[in-house]
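Only one structure is covered here, and it is reproduced in the block below.
Read-outs: derived from the displayed coordinates by stated rules, not from any lab. Keep in mind the model is a prediction, meaning the values are calculated, not measured. Here the Cβ is made from the backbone with ideal geometry for all residues, glycine too, and neighbour counts use every protein chain on show.
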Amino acid sequence: MGQTVFRRALTEEVYGRELASPQELAWRLGRTRRDFLRDAAGMALGATLMGASPFVRGETAAKKRKVIVITFGGGARDQETFAPEGQENIPHLLNELIPQSSFFTRVTNQGILGHYVATASLATGVYETLNNFSAIAPEHPTVFEYFRKDLKRPSSDAWVVAPSNGFNRIGESECRSYGSGLGARVVLPKHLLSATTSGTSADFEHLLRDNYETPLYVPQIGGGEFELRQLETILKLSVDDFKAHARTMSSPDELSVYIAKRLMKQESPSLLWITMHDIDIAHSGAYSLYIDAIRRTDRLCAEIWKAAQSEPEYAGNTTLLILPDFGRDADQDPGGNGFQHHRTGDVASRTTWMMALGVGTRPGVVFDSPLQSIDLVPSLGAMMGFSPTQSQGKPIKELL
């Protein structure tokens, strides 16, 4: 099918009937993804599993298991990824990762479409309602708190690598029965870099930009003795070595993945959460930068999986989950700005996907049953043996 014909077919399939409900439009979008993944990557259609217990993992398996979650802000649209004209932008996902994965075509975010609040919702299993541009903790317990409290794990066993725009509070919640002291340790690569530059950051400005969405919220990038101690005692990096590595990098996400791989080598956390943000450059309105960010994210996801396969603590006992926090506006929505924003709440901006590969997954299988993004936390609980009691999602049976 030619690119122009496919684009027209996709538009007609997803948006063709004026009175179609959002649920029907989401179903059509998921089905379209399923069909071209089956054609492009040779995926098989998986049947929904019924009757599986959500908490069936043995204690020994749970202790050995490693889980890495990659989320990325402002997920890319199908036109620039899975559709024929977009597949050149995701060669690693399409040719390396998807064939090894269970791929879920229809994951819906029914919450607020802001990056911090959406990531907080992914991490709690509840659609949080906090101010997206405020550095405040989630109201409900995070996956890291459930993991550490239920399984009595040390703070070194749960880590978050995140952009610094408010995400410094993502590790633990305001919930009184969890909260302080039970969350993940958070490392903010931009803060690490800022601490090493001592105010002379001209060489690293491209790595320190902290917000793409609005000029009204551009927080200062801080960094001090705490970050320097993280760098030297945890990551085992000297200031000079870290700066030398940073000079070779083209984006903040490359810096984040570098730090994540150091954490895997030095700390080997059982639960590692990596939030990437480069794709949100789309807010600048530069389509070429948006495409560059998609291609970079594609490559970095593959790098993380390769690292998991090569590190002795992770090889053979790791599950990797990759999902956008949400999508972007459709070109057909008159209230949106296409690839540039995600403000309409239309089907394209709310309906994304997830892939899961490694231990406990069924490689080469595509599932088009409807899921919600808040289903992630209870699914992680089922995999690792903890009970996310306040989560409002449901375990994904196909992962159990």
Quiz item: What is the distance in Å between the Cα centres of the stretch 241-307 and the stretch 141-181?
Solution: 21
Quiz item: Summing Lys, Arg as +1 and Asp, Glu as -1, what charge do residues with Cβ under 11 Å from the Cβ of residue 122 carry, residue 122 excluded?
Solution: -3
Quiz item: Which of the aspartates and glutamates could a cross-linker span from residue 243 if the Cα-Cα distance has to be under 14 Å and same-chain partners fewer than 8 positions apart are dropped?
Solution: 203, 205, 227, 232, 254
Quiz item: So for the stretch 239-293, taking the charge dipole from beta-carbon charges (+1 Lys/Arg, -1 Asp/Glu), which of 263, 279, 291 sits furthest toward the positive end?
Solution: 263
Quiz item: So, with +1 on the Cβ of K and R and -1 on the Cβ of D and E, and no other charges, what is the size of the charge dipole of the stretch 176-328 about its Cα centre, to the nearest 20 debye?
Solution: 240
Quiz prompt | 16 Å Cα-Cα reach of residue 152 towards aspartates and glutamates, excluding residues that sit fewer than 8 places from it in its own chain | solution = 59, 172
Quiz item: Rounded to the nearest 5, what is the percent of antiparallel bridges among the DSSP beta bridges in the chain?
Solution: 25
Quiz item: Pairs 261/397; 190/261; 265/397: which are spaced more than 24 Å apart, C-alpha to C-alpha?
Solution: 261/397; 265/397
Exercise. Let me know the volume per residue of the alpha-carbon convex hull for the stretch 274-351, in Å³.
Key: 89
Self-check item: Extended-chain gain in nm, criterion 0.36 nm per residue less alpha-carbon gap, residue 245 and residue 174
Solution: 21.9 nm
Exercise. Answer rounded, prolate or oblate for the stretch 64-161, using the Cα gyration tensor with square roots of eigenvalues a ≥ b ≥ c: rounded when a/c is under 1.5, else prolate when a/b is larger than b/c, else oblate.
Key: oblate
Quiz prompt | For residue 298, net neighbour charge (Lys/Arg +1, Asp/Glu -1) across residues whose Cβ lies under 12 Å away | solution = -4
Self-check item: Only Lys, Arg (+1) and Asp, Glu (-1) charged, at Cβ; the chain dipole about Cα centre in debye
Solution: 1140
Quiz item: When averaged across all projection directions, what area in nm² does the alpha-carbon convex hull of the chain cover?
Solution: 18.5
Quiz item: For the chain, modelled as a Gaussian network with Cα springs under 10 Å, which listed residue fluctuates most, 389, 275, 344?
Solution: 389
Quiz item: Between 383, 249, 355, which gets the highest mean-square fluctuation from a Gaussian network model of the chain, Cα cutoff 10 Å?
Solution: 249
Practice problem: Could you state the orientation-averaged shadow area of the convex hull built on the Cα atoms of the stretch 284-400, in nm² to one decimal? | Solution: 9.2
Practice problem: Run a plain Debye calculation on the stretch 116-185 (Cα atoms as equal point scatterers, no solvent) and give log10 I(q)/I(0) at q = 0.21, 0.27 Å⁻¹, rounded to two decimals, same order as the q list. | Solution: -0.78, -1.24
Quiz item: What Kirkwood hydrodynamic radius, in Å, does the stretch 321-388 give when the mean of 1/r is taken over all pairs of distinct Cα atoms and then inverted?
Solution: 14.0
Exercise. First check a/c for the stretch 193-348, with a ≥ b ≥ c the square roots of the eigenvalues of its C-alpha gyration tensor; if it is under 1.5, answer rounded, and if not, answer prolate when a/b is larger than b/c or oblate otherwise.
Key: oblate
Self-check item: Only Lys, Arg (+1) and Asp, Glu (-1) charged, at Cβ; the stretch 73-173 dipole about Cα centre in debye
Solution: 380
Self-check item: Spin-label proximity, residue 229 to the stretch 128-164 - amide N less than 19 Å from point 7 Å beyond Cα toward beta carbon
Solution: 154-160
Self-check item: Among 361, 305, 390 the positive-end extreme of the charge dipole of the stretch 252-400 (Cβ point charges)
Solution: 361
Quiz item: At q = 0.13 Å⁻¹, what is the log10 ratio I(q)/I(0) for the stretch 235-304, with the Debye formula run over Cα points and no solvent?
Solution: -0.43
